[in-house]
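K.L.:
After the structure tokens below, expect a handful of questions from me.
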Amino acid sequence: MPFITSLPTLGDLLKFEAPQFYSRSAITIAAGQNLPMGTVLGRRVADDKHQAFDPAASDGTDTPVGILLGDIDATLIDREDALLLARHAMVAEKLVVWPAGIDADVKKAAVRHLEDIGILIRTSA
């Protein structure tokens, strides 16, 4: 009998959020990226656009500001229809997308920063 597999859904990632969409913010994803749901994001200071968290950057994207709540293909143009999980929420660790090769200490610091803004990452969620 063949197996049926499905892609992760928002319910698989997001385990708790505040009512009335308090936990979410509408954002713009900067062009040049194709990001999966669960990507940790930073915000460029110069133009307030969001990009994948980059701990080696110095433009604001080196500080995590939240987690992307859906797949976004901004390969060719800025996407103004993205949702950011920005506060008061809990997510499943297995679906959080970090930069490739992120250092364990940098990741731990980023997790602490997300906790400081109210986003908890749980292994058991």
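K.L.:
When only Cα pairs under 8 Å and 6 or more residues apart are kept, what is the percent relative contact order across the chain?
P.N.:
Reported relative contact order: 29 percent.
K.L.:
Would you compute, from DSSP H runs of 4+ residues alone, the mean residue ellipticity of the chain at 222 nm, taking -39500 (n - 2.57) per run and dividing by the full residue count, rounded to the nearest 500?
P.N.:
-3500 deg cm²/dmol
K.L.:
Below 8 Å, C-alpha to C-alpha, sequence gap of six or more: please give me the relative contact order for the stretch 22-94 in percent.
P.N.:
41 percent.
K.L.:
So who's got an amide H within less than 5 Å of the one on Ile119, skipping anything under 5 residues away but keeping other chains? H placed 1.01 Å off N, in plane.
P.N.:
The answer is His88, Ala89.
K.L.:
Could I ask something else about it? Which whole-Hz couplings ³J(HN,Hα) result when phi for each residue of the stretch 88-93 is put into the Karplus expression 6.51 cos²θ - 1.76 cosθ + 1.60, θ = phi - 60°, listed in order with x for Gly and Pro?
P.N.:
For the stretch 88-93, the Karplus-derived couplings read 6, 7, 9, 10, 7, 4 Hz, x marking Gly and Pro.
K.L.:
Quick check on the stretch 10-122: what are the equivalent-ellipsoid semi-axes from the Cα gyration tensor, as sqrt(5λ), descending, whole Å?
P.N.:
Equivalent-ellipsoid dimensions as semi-axes: 19, 17, 13 Å.
K.L.:
Still on this structure, please answer the following. Please give me the summed charge of the neighbours of Thr61: other residues whose Cβ is under 13 Å from its Cβ, Lys and Arg +1, Asp and Glu -1.
P.N.:
-2
K.L.:
Please list, ordered by chain and number, the residues whose modelled amide H lies under 5 Å from the amide H of Ser23; skip anything fewer than 5 residues away on the same chain.
P.N.:
Hits under the 5 Å cutoff: Ala18.
K.L.:
Turning to a different aspect of this structure: Tell me, what HN-Hα J-couplings in whole Hz come from the Karplus equation 6.51 cos²θ - 1.76 cosθ + 1.60 at θ = phi - 60° for each residue of the stretch 33-49, using x for Gly and Pro?
P.N.:
My calculation for the stretch 33-49 gives 9, 10, 10, x, 3, x, 5, 6, 10, x, 10, 5, 5, 4, 10, 6, 8 Hz in order.
K.L.:
How do Phe53, Phe21 rank when sorted from fewest to most other Cβ atoms within 10 Å of their own Cβ?
P.N.:
Listed from fewest to most nearby Cβ atoms, that is Phe21, Phe53.
K.L.:
Once amide H atoms are placed 1.01 Å from N in the peptide plane, what residues at a sequence separation of 5 or more from Gly60, or on another chain, have their amide H within under 5 Å of its amide H?
P.N.:
Close amide H contacts, sequence-distant or interchain: Val45.
K.L.:
Now a separate question. So, in Å, what gap is there between the alpha-carbon centers of the stretch 50-88 and the stretch 99-122?
P.N.:
Spelled out, the Cα-based centre of one part sits 15 Å from the other.
K.L.:
May I ask you to sort Glu93, Glu115 by Cβ crowding, counting other Cβ atoms within 10 Å and putting the fewest first?
P.N.:
Glu115, Glu93
K.L.:
For the stretch 50-61, in order, what is each residue's ³J(HN,Hα) by Karplus, 6.51 cos²θ - 1.76 cosθ + 1.60 with θ = phi - 60°, in whole Hz (x at glycine and Pro)?
P.N.:
Taking θ as phi minus 60°, the curve returns 9, 9, 4, 3, 9, x, 8, 7, 9, 10, x, 6 Hz for the stretch 50-61.
All of the numbers you see were taken from the coordinates with simple rules; none came from a lab. Keep in mind that this is a model prediction, so the values were computed, not measured. Methodologically, a virtual Cβ is constructed for each residue, glycine included, from the backbone with ideal geometry; neighbour enumeration extends over all protein chains shown.
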